[in-house]
Amino acid sequence: MRLINRNKDEQNHASKHTGMNRMKWVWSSFLIVSLVLLTACGQSTSNNAKIVEDKVNVVTTFYPVYAFTAAIGGEDANVINLLPTGVEPHEWTPKSQDIVNTSKAQLFLYNGAGLEGWVPNFLKSLNSDTQVKSVAVSEGVTLLTTEGDDGHGHGAEHDEEHADEHADEHEGEHSDEETATEEVADHHVDPHTWVSPKSAMIMAENIKNSLVEADPAHQAGYEERYEELHAKLVTLDQRFTEQLSQVPNKEIVVSHQAFGYLARDYGLTQHAIMGLSPDAEPTGQDIVSLAKLVKDEGIKYIFFEELVSDKLAKTLASEAGVETMVLNPVEGLTKEQVDNGDDYFTLMEKNLQNLLIALK
């Protein structure tokens, strides 16, 4: 009898132990799944958007194109931005889900001018039955190029028209886009068109025209919202023109050669520590030469930006005995800026105020 009771006790203990193990396994599995889901969410597009059936779907490559497209598209368009918050666009490459979404979309809008070097291969990777139309929204902007650029942005800049480069591409026309991208690389084209409100106006009109062509049923809404955006860009342009025309100094030193269009359109001269790509490292002699320029010209501030390291800007500022200040190329938003409700216009207004301080 004691043996029977003992066996029952052992069976009950084994049953409880098995149940506990099962609960541990279930809980561990839940944690693993949760971590996978959280990781997947962290790697998704910046606004976690998905393709929808009842609207025109537009995929954009990075913040300025997204911001203008969302403003013009309004409630009539579903806009998906590829670049996540806080990521610098020069170093980013698309993921497999980006290919899936773009294949199902009606429009793929990118800056062009060589900014998104991954575009040719990306378009080749789309599904063979895709109907998406790709458009370089900087088409029509008179592009800046650098001649004899040494990799650090010290080459002489001049204007050059690249009309053929920005022709609207369909999925079957990738070879032309690839050729254009190679041409851009050979000529050191400055892709940072959106940093000038004058160029941004051209980009906004290209976006509006693309939306109207893809979704003519909602043309009136696109036209109305475009006019609102255009009016804000005109006002911003006027503020830059009027206020920068009155500053006594015109020389700016920046960490990354991203302000060529801003400088050209508003009478400034840009000197960059790094080249068109923010990973172009300057030599020690470059820093010494720039420090001499800063002292000779009486420059009071070295500008840096938030999405790349400020180490070199601070090194130059220390060498020249001056201070640093932010000049934002508006390539993307930081998490803090998103939380603060910042957008293209608030950041450009901050740029203007910082320029006025630095150039007085």
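Values in this text are rule-based calculations from the coordinates and carry no lab data. Remember, it's a predicted structure, so these values are computed and weren't measured experimentally. A quick note on method: Cβ atoms are made from the backbone with ideal geometry, for glycine too, and the neighbour counts reach across all protein chains shown.
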Stretch LEU293-VAL100 to full length: gain in nm at 0.36 nm per residue minus the Cα-Cα span? 64.5 nm
At R0 = 25 Å, how high is the FRET efficiency between GLN285 and LEU356 if r is their beta carbon distance? Nearest 0.05 is fine. 0.20
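Using a Förster radius of 56 Å, what is the FRET efficiency between GLN238 and ASN127 based on their Cβ-Cβ separation? Nearest 0.05, please. Don't skip to the answer; put the middle values down first.
Details: r = 45 Å, r/R0 = 0.81.
Approximately 0.80, to the nearest 0.05.
Given Cα pairs under 8 Å that are at least 6 residues apart, what percent is the relative contact order of region 197-313? Before the final figure, lay out the partial values.
On the way: 116 pairs, mean separation 26.2, N = 117.
Rounded, it is 22 percent for region 197-313.
Using the Cβ atoms and a cut-off under 12 Å, what net charge is assigned to the surroundings of SER196, where Lys and Arg are +1 and Asp and Glu are -1? Intermediate values should be presented prior to the final figure.
Values: positive: LYS198, ARG264; negative: ASP190, ASP237, ASP265.
Counting the neighbours of SER196, the net charge comes to -1.
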In nm, to one decimal, how far is the SER245 label point from the GLU75 one, both placed 7 Å along Cα→Cβ? 4.1 nm
Cα-Cα pairs of region 70-120 separated by more than 16 Å (percent): 48 percent
Would you pull out the residues with amide H under 5 Å of VAL56's amide H, same chain only if 5 or more places away, H placed 1.01 Å from N? ASN78
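Mind ranking 94-107, 67-80 by how tightly packed they are, going by the mean number of other C-beta atoms within 10 angstrom, highest first?
Details: 94-107: 18.5, 67-80: 21.6.
In decreasing order of mean packing, 94-107, 67-80 become 67-80, 94-107.
Report the net charge of residues surrounding LYS55, where surrounding means a beta-carbon distance below 15 angstrom and charges are Lys +1, Arg +1, Asp -1, Glu -1.
On the way: positive: LYS50, LYS104, ARG225; negative: GLU53, ASP54, GLU75, ASP76, ASP215.
Combined, the nearby Lys, Arg, Asp and Glu give -2.
Per 0.36 nm of contour for each residue apart, how much would the distance between LYS50 and LYS335 grow if the chain were fully extended, relative to their Cα-Cα spacing?
100.5 nm
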How about LYS350: which lysines have a C-alpha closer than 26 Å to its C-alpha, ignoring those fewer than 8 places off in the same chain? LYS198, LYS232, LYS250, LYS295, LYS300, LYS311, LYS314, LYS335, LYS360
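All other residues with a Cβ under 9 Å from the Cβ of TYR261 taken together, and with Lys, Arg as +1 and Asp, Glu as -1, what is their net charge? Mind dumping the intermediate values first?
Details: positive: LYS198, ARG264; negative: ASP190, ASP265.
After counting each charged neighbour, the total is 0.
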Hey, can you grab everything whose amide H is under 5 Å from the amide H of HIS256? Only 5+ residues off in sequence or another chain; H modelled, so Pro and N-termini drop out. ILE273, MET274
In whole Hz, the Karplus estimates of ³J(HN,Hα) for region 58-73 (6.51, -1.76, 1.60; θ = phi - 60°; x where Gly or Pro) are 10, 9, 10, 8, 7, 3, x, 5, 4, 4, 5, 5, 5, 5, 7, x
State the extension gain, in nm to one decimal, for the chain segment bounded by GLU223 and THR93, taking 0.36 nm per residue of separation less the distance between their alpha-carbons. 43.6 nm
Using θ = phi - 60° and Karplus 6.51 cos²θ - 1.76 cosθ + 1.60, couplings along region 106-112 (whole Hz; Gly, Pro as x): 9, 9, 10, 10, 10, 5, x
